[in-house]
Amino acid sequence: MSSEIIAQEMPFAVEPEKLNEEMEEILDCDIANRHSFFQLKYFIVAKEYTTQSRMWCCIRELQARKNSIVSLKRQIEELKDDRELVQLEIVRLDNPPSQFGIESDPSEIDKKEREIHIRKMKRKGDALDDTILEHQKKLKDAEEEAAFLAMAYRQLEKKEPLKPYDDLRSQTEYWNEKLTQELNLRLLTRSPLDLELVKTILALNDETPIKQQTIGLLKQLEQAPVLATEAQKKAITKKKSKEKDAD
């Protein structure tokens, strides 16, 4: 939909007295402020190249979510304590202490000042309530992502058990798949070969399929000028032969 159509369909303004009601009605349609399960599955976990690397990814992401969950829980507890302190301050302001056991009537200025402090404390308490609610939503989002990642890990674990991170075969498979994909994408898109990519591939074991493929490709590129020259020579000879026959 074009911006012109949207502009035509939208009202010029919402009446101020109806704005809060309008916002509350729309915001009742709450959406999660996190990665969707689709994003987690396809753009974070599944974009890895092997089952082992997908399991490594799940572990890393799960550790990050755990750290967030622990931190958020601590922050929520701190905020709740701050909220209690604010409430205690309001009670204290509502019940000023007497001097020498004798209650004295405060002056009008003292009363007004106390009322202002109470209002400020109440606003501070409301702000803390809002912050607590925001942190609780973030906590819920982090827990949902963590639950999905844990489930994804368990499903991958059924295919093959997790191997040590420095397992030679796992690392070889990972780098072979990763570099194969990068090289093939460059070839398919007719992009120039990246020097660092080629150097990385050539640093692998000789038995690695992508290294063998790259060596074969480099040989073809090396022979290309020779083949082109031979083709040119044949074309020139053929042209001269035709001219001679014509004479």
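The values are calculated or read from the model by the stated rules, or taken from the named source; none is laboratory data. What you see is a predicted model; the values in this text were computed from it and never measured. FYI the Cβ positions are ideal-geometry reconstructions off the backbone, even for glycines, and counts take in every protein chain you see.
Couple of notes before you dig in:
- Hey, residue 180 outside the structural domain of residue 53 (by TED's automatic domain parsing) and at pLDDT 95 or above or not: yes
- Residue within the range 168-177 that is under 23 Å from residue 221 (Cβ atoms) and either hydrophobic (A, V, I, L, M, F, W, C) or not in a loop (DSSP other than H, G, I, E, B) (or both) present: yes
- Any hit, the range 107-128, residues being more than 28 Å from the chain's Cα centre (by Cα) and outside any helix (DSSP H, G or I): yes
- Only residues that are within 20 Å of residue 54 (Cβ to Cβ) and in contact (Cβ under 8 Å) with a residue 12 or more places away in the chain were counted in the range 144-195, giving 28.
- Cross-chain or 6+ apart pairs with Cβ under 6 Å, the range 110-131 first and not assigned by TED's automatic domain parsing to the domain that holds residue 90 and of a type outside the set (Gly, Ala, Ser), then assigned to a helix (DSSP H, G or I) and surrounded by fewer than 12 Cβ atoms within 10 Å (Cβ to Cβ): none
- Hits in the range 135-186 - residues which are within 22 Å of residue 64 (Cβ to Cβ), in contact with a helix residue (DSSP H, G or I) (Cβ under 7 Å, 6 or more places away or on another chain) and among the aliphatic types (A, V, I, L, M): 139, 142, 146, 149, 150, 152, 156, 162
- Every residue from the range 31-58 that is in a helix (DSSP H, G or I) and farther than 24 Å from residue 180 by Cβ: 37, 38, 39, 40
- Within the range 1-54, considering residues that are at pLDDT below 95 and among the β-branched types (Val, Ile, Thr), the one nearest to residue 147 (Cα to Cα): 31
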